[in-house]
Amino acid sequence: MEKFESKIIRQIEILGRVLFRQNIVTIEDLSEIYKCNAITIKRDLQNLRSLGIRIHSSGKKGINILGSIPKEIVFNLVQLYFSSKILKSTYDKATYFLVDKKHEFSLRIVTLLYKAIDENRIALITYEKNKVKKNYFIEPYLIYQSEKTWRVLASLNGSVKQFLLYRISRIELTEEKFEKPDNYAISELLKYSFLSWTGKQQYNVKLKVTKPWSEWLVSRPLAVHQKAYRKNSDTLIIEITVNSLDEIARWIAGRGRGIYVLEPEILKEKVITIAEEIIKTYENY
């Protein structure tokens, strides 16, 4: 007997394939993809209809979804799919944000990206940034959550980049394969990333932190490799290695008082520059 989890995951993936597709998807296509008979796929469609999703097959015209899927159902399905892939269920805010931005299209994004990751297939995405849309052929490595948003780590023209899932407005899988780094190499890419940025540079940073941030950073470390020790009851010294001074400079400037850069000097200068730009913005407001 088929496990319930594998069945519901297949049904979510069927939704992802049908929603906003470029080509017709038929029951026969899905039977071939999932190595099962047509009756199984028809039962999947029936189960989806029982959830309140108006999904129907029209023979050669393919499978279609009538109307929109309620946001609550989309959230539950996306959350269930994420949980099946990463075995965690603590990403409610990131998932709410994704579903709020992309609605049912979020189902297509996550299911096709995971399919690309699992099968080492290159994906074509349309990505919007600063109101400009561009097409990219990416080699997806993993999906992860940072700063309350879901992201995909992928190779683009030989460089490792991250893409915010909510900025993807189109996604298609190609038949072209790519060679993915092993899990150790991927973990090394993320090891020194601060908040969201990934890269190969490494900078040793030393901070002096006073209240209220000193207490906050004890329970919420900036990175897994963070070293922290108390100078006194109110002051914390933190040492971390990051791969982007720009990212951590913006983070420090956004905290206001209580976090002081001890090393390196260039980071201190970046924080001062950002703070001065903020002041000028409000002076001219």
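A Förster radius of 41 Å combined with the Cβ-Cβ distance from Leu66 to Lys200 puts the calculated FRET efficiency at roughly 0.25.
Would you list Val99, Val78 from fewest to most Cβ contacts within 10 Å? The partial results should precede the final answer.
On the way: Val99 23, Val78 26.
Going from sparsest to densest Cβ surroundings: Val99, Val78.
Can you give the FRET efficiency to the nearest 0.05 for Thr174 and Lys101, using r as the Cβ-Cβ distance and R₀ = 30 Å? Mind showing how you got there, number by number?
Values: r = 25 Å, r/R0 = 0.83.
The value I calculate is 0.75.
As an exercise, identify the trypsin sites (Lys or Arg not before Pro) in the range 202-285 lying in DSSP coil whose Cβ has no more than 15 other Cβ atoms within 10 Å.
Answer by residue number: Lys231, Arg257.
Can you give the net charge of the other residues whose Cβ lies under 9 Å from the Cβ of Thr26, counting K and R as +1 and D and E as -1? Each step should come with its number before you reach the end.
Working: positive: Lys60, Lys61; negative: Glu28, Asp29.
Every neighbour counted, the sum reads 0.
Residues in the range 229-237 carry Karplus couplings, in order, of 8, 8, 7, 7, 5, 9, 10, 10, 9 Hz; the curve used is 6.51 cos²θ - 1.76 cosθ + 1.60 with θ = phi - 60°, and Gly or Pro positions show x.
Sites listed here are GluC sites (Glu not before Pro) in the range 123-201 whose DSSP assignment is loop and whose Cβ has at most 16 other Cβ atoms within 10 Å: Glu147, Glu179. Here the dipole of the range 204-275 is about 240 debye; that uses its Cα centre as origin and unit charges on the Cβ of Lys and Arg (positive) and Asp and Glu (negative). Say the dipole of the chain comes from +1 at the beta carbon of Lys and Arg and -1 at that of Asp and Glu; which of Leu66, Ala185, Gly258 then lies farthest toward its positive end? The residue sitting most towards the positive pole is Leu66.
Take Asp182, Asp44, Asp92 and order them by how many other Cβ atoms sit within 10 Å, fewest up front. Don't skip to the answer; put the middle values down first.
Numbers: Asp182 8, Asp44 23, Asp92 11.
Sorted ascending by nearby Cβ count, the order is Asp182, Asp92, Asp44.
Against the chain, whose longest principal axis is taken from its Cα atoms, helix 4-18 shows a tilt of about 90°.
Sort 29-37, 149-157, 16-24 by packing, meaning the average of other beta carbons within 10 Å per residue, with the highest value first.
Numbers: 29-37: 14.1, 149-157: 19.4, 16-24: 16.6.
Ranked from most to least packed, the peptides come out as 149-157, 16-24, 29-37.
Go ahead and run the numbers for FRET between Lys93 and Asn37, Cβ-Cβ distance against an R0 of 41 Å, rounding to 0.05. So the FRET efficiency works out to roughly 0.55.
Here, each number is a calculation from the coordinates, and none is a lab measurement. Since we're looking at a predicted model, the values are computed, not measured. Note that we place each Cβ from the backbone using ideal geometry, even for glycine, and neighbour counts take in every protein chain shown.
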